[in-house]
Amino acid sequence: MTGQRRLRMGMIGGGPGAFIGPVHRIAAELDREIELVAGAFSADAERSKAAGERYRIDPARAYASVEDMLAREANRPDSIDFVTIATPNHQHFPAAKAALEAGFAVMCDKPVTTTAAQAREVERLIRVHGRPFALSYTYSGYPMVRAARDRVMQGAIGAIRKVVVEYPQGWLAKPESGKQAEWRSDPARSGVGGCIADIGVHAFHLAEFVTGLKVSKILADLGTVVPGRQLDDDCQLLLRFENGARGALLASQIAIGERNGLSIRIYGDKGALRWRQETPWQLWLFNEDGRSELLQPGDLGFPDDVASMMRTPGGHPEGYLEAFANLYRDFARLLRGGSAPLLPGIEDGIRGMVLIETAVAHSRAMSGWVDLAI
């Protein structure tokens with residue numbers, strides 16, 4: 001970044017009690033290419049001010065509304081360069097729309113909106129206003145996930161036959177309590193999907209990202225296990241990929257004992273691979289002759305674009321924050337006029353929303369296999 005100023009970030013959401021707001025701030029600032037300088041952290045002026053104090057920004061730049069932040073920042077000589085949207089799902093679309101129309105680039109949490117129609121409108125706004133847009137599918141920022149994708153693209157496991165992706169959690173095994181649980185189980189704030197929208201889309205994106213294949217058909221079985229809950233909390237989907245490969249996606253938030261167990265297994269006609277988010281520094285490769293190989297940071301032979309994402313020497317585990325920071329590094333490159341072909345964007349967001357709506361509708365109707373019409 002020699003000779004270049006830091007990019008200035010404004011955050012929407014991420015106020016007191018938020019989990020993901022501080023994560024965005026830490027990840028964005030890790031490489032010193034970006035600095036959080038402003039925010040509409042809460043619709044409550046005092047709470048937004050309190051968040052600004054915690055983030056240690058100029059008190060005058062802790063705004064009480066998104067509209068106020070965008071209008072006032074646009075007239076500053078040191079205006080923000082982009083906004084990060086770190087709110088519950090129902091606020092993603094109006095925030096993204098307002099930011100793009102005001103001329104700002106956007107980094108948005110997933111899912112991109114609460115409906116596929118809104119996601120397609122965001123796509124239209126991106127075309128009209130010509131501003132960069134990225135989506136925080138964090139797990140695609142792990143070096144070993146990028147290495148897995150590279151191995152698949154190089155043909156290391158041959159033609160893909162089967163994909164199994166799992167995302168079990170247990171934190172919603174009982175009736176919800178607390179801010180984080182409540183909005184995720186509220187259709188007015190989460191949208192039509194619960195577990196499928198919160199973590200199922202992460203698993204879906206990971207499967208498509210690593211394989212480089214699109215899912216063409218699904219058979220969905222979504223359940224609401226905890227009595228009184230309005231949205232799904234347990235999901236299983238059968239997948240059919242565009243090359244004919246079969247797959248399975250399991251996502252659950254009622255699996256007692258599980259924390260954040262995202263994992264993927266891919267089986268080809270020459271080999272297989274396995275990656276787990278809870279040991280993200282390890283990528284296992286399996287060969288058809290029975291040999292297995294463990295890849296870890298610090299090993300030789302990684303392509304330059306993967307090796308550059310490894311931030312510490314071998315034996316020093318990296319994790320979630322570093323993966324998130326890799327997405328922001330890609331985004332910074334995009335904002336500076338470069339390219340970031342693996343950075344998730346609006347196409348990924350649309351695919352995620354179509355998955356959610358299709359899975360919810362056809363699970364309720366028990367209508368069997370259905371095309372994923374995107």
Within region 27-40, considering residues that are touching a Phe, Trp or Tyr at 6+ places or on another chain (Cβ under 8 Å) and not charged (D, E, K, R), the one nearest to Tyr320 (Cα to Cα): Ala27
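Go through region 222-231 and report how many residues are in a strand (DSSP E or B) and among the small types (Gly, Ala, Ser).
Restricting attention to region 222-231, the residues satisfying the condition of being in a strand (DSSP E or B) are 222-223.
Still in the list and also among the small types (Gly, Ala, Ser): 223.
Of the residues in region 222-231, 1 are in a strand (DSSP E or B) and among the small types (Gly, Ala, Ser).
So is Ala147 modelled with pLDDT of 95 or more and in the same structural domain as Ala38 (by TED's automatic domain parsing) or not?
Numbers: modelled with pLDDT of 95 or more: yes; in the same structural domain as Ala38 (by TED's automatic domain parsing): no.
For Ala147, the condition - modelled with pLDDT of 95 or more and in the same structural domain as Ala38 (by TED's automatic domain parsing) - is not met.
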Options Ala96, Ala86; residue that is under 15 Å from Tyr137 (Cα atoms), of a type in the set (Gly, Ala, Ser) and surrounded by 23 or more Cβ atoms within 10 Å (Cβ to Cβ): Ala86
Tell me, which residue of region 142-167 that is within 20 Å of the chain's Cα centre (by Cα) and β-branched (Val, Ile, Thr) is surrounded by the most Cβ atoms within 10 Å (Cβ to Cβ)? Val165
Out of (1) on the phi > 0 side of the Ramachandran plot; (2) touching a residue at least 60 places away in the same chain (Cβ under 8 Å), what's the single condition that is false for Arg56? (2)
Conditions (1) modelled with pLDDT of 95 or more; (2) out of contact with any strand residue (DSSP E or B) (no Cβ under 9 Å at 6 or more places or on another chain); (3) crowded, with 22+ Cβ neighbours inside 10 Å: number failed by Asp198: (2)
Any residue at all in region 345-366 that's modelled with pLDDT under 95, out of contact with any Gly (no Cβ under 9 Å at 6 or more places or on another chain), more than 20 Å from Leu30 (Cβ to Cβ) and of a type in the set (Lys, Arg)? yes
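Taking region 357-368 on its own, how many of its residues are in a helix (DSSP H, G or I) and out of contact with any Ser or Thr (no Cβ under 9 Å at 6 or more places or on another chain)?
Initial filter on region 357-368 (in a helix (DSSP H, G or I)): 357-365.
Filter once more, keeping what is out of contact with any Ser or Thr (no Cβ under 9 Å at 6 or more places or on another chain): 358-360, 362-365.
The total comes to 7.
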List the number of the failed condition for Ala373; all other conditions in (1) modelled with pLDDT of 95 or more; (2) not in a helix (DSSP H, G or I) hold. (1)
Looking at the structure I just gave you, is Ser292 hydroxyl-bearing (Ser, Thr, Tyr) and touching a residue at least 60 places away in the same chain (Cβ under 8 Å)? no
In region 268-294, how many are over 20 Å from the mean Cα position of the chain (by Cα) and surrounded by 20 or more Cβ atoms within 10 Å (Cβ to Cβ)? 5
Quick count over region 62-80, residues being surrounded by fewer than 21 Cβ atoms within 10 Å (Cβ to Cβ) and either outside any helix (DSSP H, G or I) or not aliphatic (A, V, I, L, M) (or both), is 10
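The values are calculated or read from the model by the stated rules, or taken from the named source; none is laboratory data. On a predicted model such as this, the values are computed, not experimentally measured, just so you know. All Cβ positions, glycine included, derive from the backbone under ideal geometry; neighbour counts span all protein chains shown.
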